[in-house]
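Sharing a structure here in structure tokens format.
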Amino acid sequence: EDVNNDGLPFTITRPVNGDDKVTIDGFEIGGQLAFEFLPGAWKNFGIMANATFSNDSGYKEVDSFTGAALSFPGVSDLSYNASLYYETDKFSVRTAYNWRESWLITPRGRGNLPEYNDDYGTLDASASWNVTPHFTAFLDAVNLLGEQRIEYNNPFRRIGNETFGKRYFLGV
């Protein structure tokens with residue numbers, strides 16, 4: 001929108017919700033296996049995993065530079081999670097890896113170019129101890145591998161790096 005402010009022209013841009021009829025299809029597969037069939041302390045271990053496959057259609061935005069069709073913002077074609085845990089009535093330990101394939105953030109970003117988030121995965125862990133039935137202590141560790149979230153216009157032009165580093169949370 002072109003605006004005139006005291007004789008100085010400038011342009012204001014803002015996102016507008018479109019009327020594209022977008023369909024997102026896909027499927028998710030997942031499972032959990034508790035090793036209760038194993039002897040001794042091994043019976044307290046277990047694994048969980050899932051994977052999601054998505055595909056979108058109907059989104060009409062195109063890359064303003066190349067003319068290529070764009071995927072719907074926020075949708076990754078593939079994401080997955082895998083966890084290993086050990087659990088008793090008193091104590092629990094879990095570790096999980098969560099991964100997501102690159103996705104479109106916005107079709108019109110800096111320089112009127114599409115902006116993407118690169119593939120992103122984190123390794124997290126948690127432990128808790130039920131001291132009493134009404135009192136639990138816990139420790140959470142997030143992003144143990146120190147992964148960065150990277151945004152780009154194309155694979156050779158990074159436009160943002162978010163470095164969260166490792167984070168630890170202790171509580172009761």
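So, in the stretch 31-43, exactly how many residues are open to solvent by less than 60 Å² (accessible area, probe 1.4 Å) and under 17 Å from Ala82 (Cα atoms)?
Final tally of qualifying residues: 3.
Need pairs with beta-carbon distance below 6 Å; first residue at negative phi and outside any strand (DSSP E or B) and within the stretch 103-114, second open to solvent by 70 Å² or more (accessible area, probe 1.4 Å) and among the hydrophobic types (A, V, I, L, M, F, W, C); sequence gap 6+ or separate chains.
Once the first residue is at negative phi and outside any strand (DSSP E or B) and sits in the stretch 103-114, its partners that are open to solvent by 70 Å² or more (accessible area, probe 1.4 Å) and among the hydrophobic types (A, V, I, L, M, F, W, C) give Leu113/Phe65.
Between a first residue in the stretch 62-76 that is among the polar types (S, T, N, Q) and a second residue that is open to solvent by 60 Å² or more (accessible area, probe 1.4 Å), which pairs have beta carbons less than 8 Å apart while being 6 or more apart in sequence or on different chains?
The qualifying pairs are Ser64/Arg108; Ser64/Asn112; Ser71/Asp77; Ser76/Arg100.
Something else about it: Inspect all residues belonging to the stretch 3-22 and state whether any of them is within 23 Å of the chain's Cα centre (by Cα) and surrounded by 12 or more Cβ atoms within 10 Å (Cβ to Cβ).
Yes, because at least one residue in the stretch 3-22 is within 23 Å of the chain's Cα centre (by Cα) and surrounded by 12 or more Cβ atoms within 10 Å (Cβ to Cβ).
Could you please find all residues in the stretch 115-128 being in a strand (DSSP E or B) and over 20 Å from Thr95 (Cβ atoms)?
Listed by number, the residues that qualify are Glu115, Tyr116, Asn117.
Can you tell which of Arg149, Arg108, Arg94 is of a type outside the set (Ser, Thr, Tyr), open to solvent by 40 Å² or more (accessible area, probe 1.4 Å) and under 18 Å from Met48 (Cβ atoms)?
That would be Arg94, the only listed residue that is of a type outside the set (Ser, Thr, Tyr), open to solvent by 40 Å² or more (accessible area, probe 1.4 Å) and under 18 Å from Met48 (Cβ atoms).
So, one more: Among residues belonging to the stretch 120-146 that are open to solvent by 70 Å² or more (accessible area, probe 1.4 Å) and touching a Ser or Thr at 6+ places or on another chain (Cβ under 9 Å), point out the one that is farthest from Arg108 (Cα to Cα).
Trp129
The values are calculated or read from the model by the stated rules, or taken from the named source; none is laboratory data. None of the values given here were measured: they were computed from a predicted structure. Cβ atoms come from the backbone with ideal geometry, glycine included; neighbour counts cover every protein chain shown. Note: areas computed on protein heavy atoms with side chains; ligands, DNA, RNA excluded. Shrake-Rupley method; radii C 1.70, N 1.55, O 1.52, S 1.80 Å.
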